[in-house]
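For reference, the structure is listed below as structure tokens.
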Amino acid sequence: LNFLNLFFPSPNQVLLVFAKEDSQSNGFSWACEKANFRCTVARTPESALECYLDKHHDIVVIDHRHSRYFDAEALCRYVGARRFLQSQPEREEASVMPLIAAGFSRRYVENANVMTCYNELIQLEHGEVRAQFKLRACNAIFAALEQSQEAIEITSEDQVIQYVNPAYESIMGYQKGELMGKEVMEVPKSEKNKPDLLESINSCIRKGKVSIVLLSTVSCGKALIDNVACIDLARCKRCASCIECGCRVAYYGCLSPDNQSCKHKDRRKGSLDVRSTTSRGSDGDSQRRHSSMARIHSMTIEAPITKVINIINAAQESSPMPVAEALDRVLEILRTTELYSPQLGTKEEDPHTNDLVGGLMTDGLRRLSGNEYMFAAKHPHHLPGHLSTPLSLNDIPPQIAQTMENEESWDFDIFNLEAATMKRPLTYLGLKVFSRFGVCEFLNCTEATLRSWLQVIEANYHSSNSYHNSCHAADVLHATAYFLCKERVKQSLDPIDEVAALIAATVHDVDHPGRTNSFLCNAGSELAILYNDTAVLESHHAALAFQITIRDDKCNIFKNMERNEYRTMRQAIIDMVLATEMTKHFEHVNKFVNSINKPLAESVKSILTSPENRILVKRMLIKCADISNPCRPLELCIEWAGRISEEYFAQTDEEKRQGLPVVMPVFDRNTCSIPKSQISFIDYFITDMFDAWDAFADLPNLMQHLDNNFKYWKGLDERKLHTLRPPPE
């Protein structure tokens, strides 16, 4: 690991201060481009100072040829920095001492040749710039050593003590004057100086064991390297050349000679060994290597991932090099933020999958200034006027009741119900499903209150949306009820979980605008601003559902619940609604597989009833219900595919009209292949999730539908058809 890489900006930044553009300023500009430096040009002293204070450039070139425009020496003194190069006309041969006194470190005689300018910049970079960074790095190292809570001793190759930090003095009971310049074996020993611990340290040195110092940023309130707050010690397994001068630094624990297999085997004159002991351990503990998160180890509370990393770090101690390197790779993966999201290939490999992922799994943080799209969400959400005479389960018209006769079957046709109810399927299906599960009894509310609630929720779905309307909500409610009847699901959940799942399914997309989260964020919508571009729609659905529920007693289904039970219910509903956000799709699926599927395969039955796993089951249940369209009978699957495609087409049209980034370019109504989009969606999102859910809940009919539907879309795609159905023969 090259220590300098931690401090050298890449690429270097250059500030050109020229009052006007000419061949010389252009020469330096082109030279910066050739050297891959970032170049900024300032025309006035004020702009130069402002720019330098903002970016702290590594090299500053000030034009001194035209003194009537500004005083170059005064500017250099005012900035108070080094690494300045002054461009002067060829005729000047005056002494450079005034320039050096002003703060300049180099004078450049006017020459607009690009290669000459380039060579000058390269020499500066490899000379003064790097020297400055090395000096600052060394200062930073020793500042960090002084601040460290770990005891640290630095010896030369000849085992002469060159440095001990305050923590070492405190722990070992020595003063610096007693140690500096002495060989480790000459250090006087007494009971107050922990002789056993000192002997352990010295034995490490005698055996020739070496360890490493790396650096990482932490905040301690004192600026040491420009804008870098501070540095602290971190650990690494292998030896390394730290500074290009050949100085070798070691730290915390040891590598035995047979493990020193990396390329820096030679110990050069003047190399350093840095050894660390801890103030918290016993004599035996002092010989253990500490993790790279030394400060975190001193905390009394550790996150589970921290404990895992600590265990892996400890395992590296006695591991051979190939295993240690493999564990390094494991640690790299564990320290990433996207632990559960698979990596996609290039855009050219599968544009449909990439666009689906971009549209469904990102927050759309792409901005166009001046293009703000405000939805008509400003209007107050309302109670429909017909609530004064609410529907009763006994008052359902015979035609609608007949349509719902087979609602317990997976093959139930929600579109027939949508047509029979004149686009009000959620209220009617909700009445029947909630009655079947005894929701009113559980909530201690009247049927009239439940009816009013279902009607006000349905009234706040947008019937103008082709997909995200109350028919979709009714479909998700139906799937949720179906899953709740599966034997293993019933074993896992309590009655409060079942009621929460039914309510969450009912409200999970309320007031959906028919646009994705990415669109809302790109458009700067009020909802995106309110929810900080994070789970925008899902947060809105959950919040609005409770707002319109509790603001009117006529539809407040929670009003008679005991406070603690209501809090539990509310948290479960919110958690399930938020689980429908696609950015966490793979996290939820992988947690379910690892925490539930795998233990069940090993006949571990107790996992079903743990509170944590009940949460995973509920999340998985509503996720599968929410995107179960590919597992429906073919005719229903085709209808849903057409509806979601039309909604995406409308979004793409809107993005183009508003001048917004097009989130899913493949969903252009003139060019899109619906079969390809369905194949990508099934491949990327559906198959693994329903394999896991089927393994848990036993859903052979759904898997058969999924297989048939996939073959159907594949067949259309192989025939190069972009439509929902093949043309008539």
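The values are calculated or read from the model by the stated rules, or taken from the named source; none is laboratory data. Predicted model, so just to flag it, every value in this text is computed and none were measured. Here the Cβ is made from the backbone with ideal geometry for all residues, glycine too, and neighbour counts use every protein chain on show. Keep in mind that these areas ignore ligands, DNA and RNA; they rest on the heavy atoms of the full protein, side chains included. Shrake-Rupley method; radii C 1.70, N 1.55, O 1.52, S 1.80 Å.
Select from the stretch 147-161 the residues that are part of a loop (DSSP other than H, G, I, E, B), within 16 Å of K182 (Cα to Cα) and within 45 Å of the chain's Cα centre (by Cα) and list them in ascending order. Walk me through how you get there before you give the answer.
Within the stretch 147-161, the first condition is being part of a loop (DSSP other than H, G, I, E, B), and the residues that meet it are 148-150, 156-159.
Subset that is within 16 Å of K182 (Cα to Cα): 156-159.
Selection gives S156, E157.
Of everything in the stretch 505-561, what is aliphatic (A, V, I, L, M), buried (at least 19 other Cβ atoms within 10 Å of the Cβ) and not in a loop (DSSP other than H, G, I, E, B)? Give them in sequence order.
A505, V507, L520, A523, L527, A528, V536, L537, A542, A545, I548
To keep it simple, each residue is scored yes or no on (1) farther than 23 Å from D626 by Cα; (2) in contact with a helix residue (DSSP H, G or I) (Cβ under 8 Å, 6 or more places away or on another chain); (3) open to solvent by 10 Å² or more (accessible area, probe 1.4 Å); (4) of a type in the set (S, T, N, Q).
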| residue | (1), (2), (3), (4) |
| --- | --- |
| K432 | no, yes, yes, no |
| V439 | no, yes, no, no |
| T446 | yes, yes, yes, yes |
| L454 | no, yes, no, no |
| A459 | no, no, yes, no |
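Can you tell me how many residues within the stretch 634-683 are part of a helix (DSSP H, G or I), open to solvent by 40 Å² or more (accessible area, probe 1.4 Å) and either over 28 Å from L621 (Cβ atoms) or aromatic (F, W, Y) (or both)?
Total meeting the criteria: 5.
Run down D626, D688 and say which single residue is at pLDDT below 95, in contact with a helix residue (DSSP H, G or I) (Cβ under 7 Å, 6 or more places away or on another chain) and acidic (D, E). Can you show your working first?
Details: D626 fails: at pLDDT below 95.
Only one candidate qualifies: D688.
Take the stretch 708-729 and flag every residue that is exposed (fewer than 13 other Cβ atoms within 10 Å of the Cβ), of a type in the set (D, E) and not in a loop (DSSP other than H, G, I, E, B).
Correct list: E718 only.
Starting from residues that are small (G, A, S) and in a helix (DSSP H, G or I), keep the ones in the stretch 13-55 and report whichever is surrounded by the fewest Cβ atoms within 10 Å (Cβ to Cβ). Can you show your working first?
Filtering the stretch 13-55 for residues small (G, A, S) gives 19, 23, 25, 27, 29, 31, 35, 42, 47-48.
Imposing the further condition that a residue be in a helix (DSSP H, G or I) reduces the set to 23, 25, 27, 29, 31, 47-48.
Values: S23: 11, S25: 21, G27: 21, S29: 20, A31: 23, S47: 13, A48: 24.
Restricting to residues being small (G, A, S) and in a helix (DSSP H, G or I), the top hit is S23.
For K490, all conditions in the list (1) without any contact (Cβ under 8 Å) to a residue 40 or more places away in the chain; (2) open to solvent by 20 Å² or more (accessible area, probe 1.4 Å); (3) over 30 Å from I607 (Cβ atoms) hold save one; what is the number of the exception?
Against the list (1) without any contact (Cβ under 8 Å) to a residue 40 or more places away in the chain; (2) open to solvent by 20 Å² or more (accessible area, probe 1.4 Å); (3) over 30 Å from I607 (Cβ atoms), K490 comes up short only on (3).
Can you tell me which residue is modelled with the highest pLDDT among those in the stretch 388-405 that are closer than 17 Å to A448 by Cβ and crowded, with 19+ Cβ neighbours inside 10 Å? Spell out the reasoning first.
Kept after step one, since they are closer than 17 Å to A448 by Cβ, are these residues of the stretch 388-405: 388-396.
Still in the list and also crowded, with 19+ Cβ neighbours inside 10 Å: 390-391.
Values: P390: 45, L391: 54.
Here the residue is L391.
Among the residues of the stretch 693-705 satisfying the criterion of being part of a helix (DSSP H, G or I) and open to solvent by 10 Å² or more (accessible area, probe 1.4 Å), which is nearest to L724 (Cα to Cα)? Even if it seems obvious, please write down each step before you answer.
Taking the stretch 693-705 and keeping what is part of a helix (DSSP H, G or I), we get 693-697, 700-705.
Now narrow it down to the ones that are open to solvent by 10 Å² or more (accessible area, probe 1.4 Å): 694-695, 700-701, 703-705.
Working: D694: 27, A695: 30, P700: 25, N701: 23, M703: 21, Q704: 20, H705: 17 Å.
Looking at residues that are part of a helix (DSSP H, G or I) and open to solvent by 10 Å² or more (accessible area, probe 1.4 Å), I get H705.
Does L417 satisfy being open to solvent by less than 20 Å² (accessible area, probe 1.4 Å) and either at pLDDT 95 or above or in a loop (DSSP other than H, G, I, E, B) (or both)?
Numbers: open to solvent by less than 20 Å² (accessible area, probe 1.4 Å): yes; either at pLDDT 95 or above or in a loop (DSSP other than H, G, I, E, B) (or both): yes.
Judged against the criteria, L417 is a match.
Yes/no matrix, rows are residues, columns are (1) open to solvent by 50 Å² or more (accessible area, probe 1.4 Å); (2) part of a helix (DSSP H, G or I); (3) modelled with pLDDT under 95:
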site	(1), (2), (3)
D363	yes, no, yes
L368	yes, no, yes
L383	yes, no, yes
E407	no, no, no
D411	yes, no, no
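Scanning the stretch 584-633 for residues that are hydroxyl-bearing (S, T, Y) and open to solvent by less than 40 Å² (accessible area, probe 1.4 Å), which turns out nearest to Q491 (Cα to Cα)?
Of all residues in the stretch 584-633, those hydroxyl-bearing (S, T, Y) come to 595, 603, 606, 609-610, 628.
Filter once more, keeping what is open to solvent by less than 40 Å² (accessible area, probe 1.4 Å): 610, 628.
Working: S610: 11, S628: 22 Å.
Result: S610.
State yes or no: is S105 loosely packed, with under 15 Cβ neighbours inside 10 Å, at pLDDT below 75 and over 30 Å from S170 (Cα atoms)?
Details: loosely packed, with under 15 Cβ neighbours inside 10 Å: no; at pLDDT below 75: yes; over 30 Å from S170 (Cα atoms): yes.
Answer is no for this residue.
Any residue at all in the stretch 528-538 that is touching a helix residue (DSSP H, G or I) at 6+ places or on another chain (Cβ under 8 Å) and among the polar types (S, T, N, Q)?
No: zero hits.
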